[in-house]
Amino acid sequence: MNNANNSPQQISHGFLTATGTKIFRYYEDRIPQSSPVLVVSNHRSFMDAPVLIAAVERPIRFACHHYMGQVPVMREIVTGLGCFPLEATPSRQQGFFQRALQLLQANQAVGVFPEGTEPMVQFSEPNGITDFQRGFAHLALRADAGSDRIKPVKDLVILPVAIASIEEKSSSAVPLRLLSLFDPTEPLFNQNGWHPLVIYRRVAVLIGRPYRITPLMQQQYQGKQAKTVVADVTNHCQAEIVELLRQGCY
């Protein structure tokens, strides 16, 4: 852990103090303390990364959208939090896999928001969720199984985490078309409307049950059932977060 004054944990706690955000943690005993972890969470607000870092109390290296590494001020924030912006297309997925595998092999925690960019740029209901993209499942299966070029990541855990908004304030931040100046490859920016700004006042962070890749799943990923096992991992994590969000609403 970085003991410097500007560590990701201290930046996160300072940011949440400045916004007056109160976090309520549930099932924190499920958080792995030493093994490599792939943290998977729902995503509606720019506050999600610092909320998770503060709640998990462990450095989490988040993959974030390419444009966040291009916009002044935002670039400095995501860098301070230890996030790594994704590359521009078409090398985005390959670059993500390479960077995430390096971090997991170093026994670190990597954070992924499988809903992608869309929930961030469209106004949505609190605690709503959209279908998960499957990249994180490919990463987990590939990392755990290894290959001729990749050493397997030992004791990898997928940790589903739900961010349940209890009280929030929502407003408009910047026109979406303005963001296309920083990332013209993102089709979501090529439309009218405004990027929402969701600020949590009170938020529950519910830790899901750790999920491990079994040897059978590794075998299936190398064979004809690859698509099925990827879908199973994706659907399991999404269902776990949906249930946690339901609990967080009460």
Query raised in the report: Is it true that PRO114 is crowded, with 19+ Cβ neighbours inside 10 Å and modelled with pLDDT under 90?
Result: no
Query raised in the report: Checking ARG202 against (1) outside any helix (DSSP H, G or I); (2) farther than 30 Å from THR17 by Cβ, which test does it fail?
Result: (2)
Report summary line: Counted residues in the range 207-228 being basic (Lys, Arg) and either touching a Lys or Arg at 6+ places or on another chain (Cβ under 6 Å) or in contact (Cβ under 8 Å) with a residue 40 or more places away in the chain (or both) come to 2
**Report entry** Leading residue by the ranking (nearest to HIS138 (Cα to Cα)) among those in the range 87-96 that are buried (at least 16 other Cβ atoms within 10 Å of the Cβ) and at pLDDT 75 or above
**Finding:** PHE96
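Specify the residue that is modelled with the highest pLDDT; the eligible residues are those in the range 60-77 that are open to solvent by 10 Å² or more (accessible area, probe 1.4 Å) and within 13 Å of the chain's Cα centre (by Cα).
Initially, the range 60-77 is screened for residues open to solvent by 10 Å² or more (accessible area, probe 1.4 Å), giving 61, 63-66, 68-77.
Those still in the list that are within 13 Å of the chain's Cα centre (by Cα) too: 61, 63-65.
Values: ARG61: 92, ALA63: 80, CYS64: 74, HIS65: 70.
Taking the candidates together, the pick is ARG61.
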Requested in this report: Could you please let me know if ASP48 is open to solvent by less than 10 Å² (accessible area, probe 1.4 Å) and either of a type in the set (Asp, Glu) or modelled with pLDDT of 85 or more (or both)?
Outcome: yes
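Which one of LEU216, LEU244, LEU139 is of a type outside the set (D, E, K, R), assigned to a helix (DSSP H, G or I), at pLDDT below 95 and open to solvent by less than 20 Å² (accessible area, probe 1.4 Å)? Talk me through it step by step, then tell me what you get.
Working: LEU216 fails: open to solvent by less than 20 Å² (accessible area, probe 1.4 Å); LEU244 fails: at pLDDT below 95.
Step by step, each of LEU216, LEU244, LEU139 is checked, and only LEU139 is of a type outside the set (D, E, K, R), assigned to a helix (DSSP H, G or I), at pLDDT below 95 and open to solvent by less than 20 Å² (accessible area, probe 1.4 Å).
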**Report entry** Conditions (1) out of contact with any Lys or Arg (no Cβ under 6 Å at 6 or more places or on another chain); (2) within 23 Å of HIS138 (Cα to Cα); (3) modelled with pLDDT of 90 or more; (4) not hydroxyl-bearing (Ser, Thr, Tyr); number of the one not met by GLY20
**Finding:** (2)
Report summary line: Quick count over the range 199-213, residues being open to solvent by 10 Å² or more (accessible area, probe 1.4 Å) and aliphatic (A, V, I, L, M), is 2
Report task. Specify the residue that is surrounded by the fewest Cβ atoms within 10 Å (Cβ to Cβ); the eligible residues are those in the range 143-164 that are modelled with pLDDT under 90 and outside any loop (DSSP other than H, G, I, E, B). Result -> ALA145
Query - Enumeration of residues in the range 1-14 that are out of contact with any Asp or Glu (no Cβ under 9 Å at 6 or more places or on another chain) and either touching a residue at least 40 places away in the same chain (Cβ under 8 Å) or of a type in the set (Lys, Arg) (or both) - result: MET1, ASN2, ASN6, SER7, PRO8, ILE11, SER12, HIS13
Requested in this report: Only residues that are of a type in the set (D, E, K, R), at pLDDT 90 or above and more than 16 Å from ARG212 (Cα to Cα): list them for the range 23-45, please.
Outcome: ARG25, GLU28, ASP29
Query raised in the report: Which of the residues that make up the range 15-69 are without any contact (Cβ under 8 Å) to a residue 12 or more places away in the chain and either among the hydroxyl-bearing types (Ser, Thr, Tyr) or assigned to a strand (DSSP E or B) (or both)?
Result: THR17
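The values are calculated or read from the model by the stated rules, or taken from the named source; none is laboratory data. The model shown is predicted, which means the values in this text are computed figures rather than measured ones. Please note: Cβ atoms are built from the backbone with ideal geometry, for glycine as well, and neighbour counts cover all protein chains shown. Side chains included, ligands, DNA and RNA excluded: accessible areas come from the protein's heavy atoms. Shrake-Rupley method; radii C 1.70, N 1.55, O 1.52, S 1.80 Å.
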